[in-house]
Amino acid sequence: MPDAWLEFLQLLLPFILVGFGAQIIDGALGMAYGVISSSLLLALGVPPRAASASVHAAETCTTAVSAISHVIHRNVDWKLFWKLLVPGVLGGVAGASFLSNIDGELIRPYVLAYLAFIGLWLLWRGLRYPPQRFDDARFVTPLGLVGGFLDASGGGGWGPVVTSNLLIQGSSPRHTIGTVNTVEFFLTLSISFTFLLHLGWETFTTATIGLLVGGVIAAPLGAWIARHVPARPLLIMVGAVLTLTTGYGILRSLELIG
């Protein structure tokens, strides 16, 4: 029995480290848990739909805590919340259904390319930080729909896509981050339920457990980093890590490495 537990812990450790690192960055930036977790899981050889399902199943717990916290601190713009909720959930369900019904190996390069694009975009945003401010956000419903779909089909992207676009449109940073994170709980819940319907208990894998454990452990540290480290270097680091990780994954999936 001890040997079996040791073998299980050795199998679990890489996923705990992925969840730990992703949650630290997400807690510091309010984004990138999904894309970083998915990128690293894909690099570890997890199939795209299993990676996305695992990330969203684990993220349901972490986003619940985040949503409650933002509501308590009055960081939620409820008007913006309702504008994002319905299209975000619809896009997420569509993306999860799409990913569940195709051969994951065929789309792995495209998923990785999307995540690499997000990494380059975050890197650019970090170098240009802070973004120019415009009028109040106008393109909310289409943004929620696209963000939800990309989040489910790519294993992440809701925070980077939606939060950053709303900030560029001139939304209040505090209320944008609080609202997007609160909607994300309902998004991840709907995506996880969709994966459960399509994939069954395949949704809950060793990767899911590892991501959840690592994320819970890292949550307090991520909050501390958010308070003490400037956003600009964090954005640059996230963009660099995502770009390098997904770039390597793309080369591997195209059999140009090893």
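The values are calculated or read from the model by the stated rules, or taken from the named source; none is laboratory data. None of the values given here were measured: they were computed from a predicted structure. As a convention, Cβ positions derive from the backbone with ideal geometry for all residues, glycine included, and neighbour counts pool all protein chains shown. Accessible surface areas use protein heavy atoms only, side chains included; no ligands, DNA or RNA. Shrake-Rupley method; radii C 1.70, N 1.55, O 1.52, S 1.80 Å.
Within segment 39-49, can you find the residues that are more than 16 Å from L11 (Cα to Cα) and either surrounded by fewer than 24 Cβ atoms within 10 Å (Cβ to Cβ) or acidic (D, E) (or both)? Within segment 39-49, just P47 meets the criteria. Here A94 fulfils each of the conditions (1) under 22 Å from S171 (Cα atoms); (2) open to solvent by 30 Å² or more (accessible area, probe 1.4 Å); (3) among the small types (G, A, S) apart from (1). In segment 185-198, is there at least one residue being modelled with pLDDT under 80 and not aliphatic (A, V, I, L, M)? Checked segment 185-198: at least one residue is modelled with pLDDT under 80 and not aliphatic (A, V, I, L, M).
Going by the structure shown, is S38 in a helix (DSSP H, G or I) and touching a helix residue (DSSP H, G or I) at 6+ places or on another chain (Cβ under 6 Å)?
Yes.
Filtering segment 186-195 to residues that are touching a residue at least 12 places away in the same chain (Cβ under 8 Å) and open to solvent by 50 Å² or more (accessible area, probe 1.4 Å) leaves F186, L189.
Can you name the residue in segment 200-258 that is modelled with pLDDT of 70 or more, over 20 Å from L41 (Cα atoms) and of a type in the set (A, V, I, L, M, F, W, C) and is also most open to solvent (accessible area, probe 1.4 Å) among such residues? The qualifying residue most open to solvent (accessible area, probe 1.4 Å) is L221. Does any residue of segment 46-62 turn out to be modelled with pLDDT under 75, of a type in the set (G, A, S) and assigned to a helix (DSSP H, G or I)? Within segment 46-62, none of the residues are modelled with pLDDT under 75, of a type in the set (G, A, S) and assigned to a helix (DSSP H, G or I). Residue count for segment 61-91 under the criterion of being open to solvent by 20 Å² or more (accessible area, probe 1.4 Å) and within 16 Å of the chain's Cα centre (by Cα): the result is 6. Note on segment 103-140: residues that are part of a helix (DSSP H, G or I), modelled with pLDDT of 70 or more and open to solvent by less than 80 Å² (accessible area, probe 1.4 Å) amount to 14.
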